[in-house]
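A.B. asks: Attaching a single structure in structure tokens format; questions to follow.
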Amino acid sequence: MAEWCRVGVNNQPDEVCKFIVARFDETTHALWYYGSWDDLKKAREVAEEFYNGIVVERID
């Protein structure tokens, strides 16, 4: 079952794809934009390259 919540991603450009890869800052608990992709599989692959990477789905 999916859980949904609203989060803010710092340094995010105005135009992004559906899946945003962000890095989680453990000190400030903030999310920082890394990149975005329309392909969930590719976004997950990129996020897994970082110990603190996560994928956020943009909902319009």
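The values are calculated or read from the model by the stated rules, or taken from the named source; none is laboratory data. Remember, predicted model here, so these are calculated numbers, not experimental data. Positions of Cβ are backbone-derived with ideal geometry, glycine not excepted, and every protein chain shown enters the neighbour counts.
A.B. asks: Which residue, of Glu49, Glu57, is of a type in the set (Asp, Glu) and in contact with a strand residue (DSSP E or B) (Cβ under 8 Å, 6 or more places away or on another chain)?
C.D. replies: Values: Glu49 fails: in contact with a strand residue (DSSP E or B) (Cβ under 8 Å, 6 or more places away or on another chain).
Within the list Glu49, Glu57, the selection yields Glu57.
A.B. asks: Output the qualifying pairs, or none if there are none: Cβ atoms under 9 angstrom, residues six or more apart or on different chains, first residue in segment 32-48 and of a type in the set (S, T, N, Q), second residue part of a helix (DSSP H, G or I) and surrounded by 14 or more Cβ atoms within 10 Å (Cβ to Cβ).
C.D. replies: Filtered contacts from segment 32-48: Ser36/Ala43.
A.B. asks: Strands (runs of 3 or more DSSP E) wholly in the chain with at least 1 residues that are surrounded by 10 or more Cβ atoms within 10 Å (Cβ to Cβ), in contact with a Ser or Thr (Cβ under 9 Å, 6 or more places away or on another chain) and at pLDDT below 95 - which ones? Walk me through how you get there before you give the answer.
C.D. replies: Numbers: elements: 19-25, 30-37, 53-57.
Per the criteria, no element qualifies.
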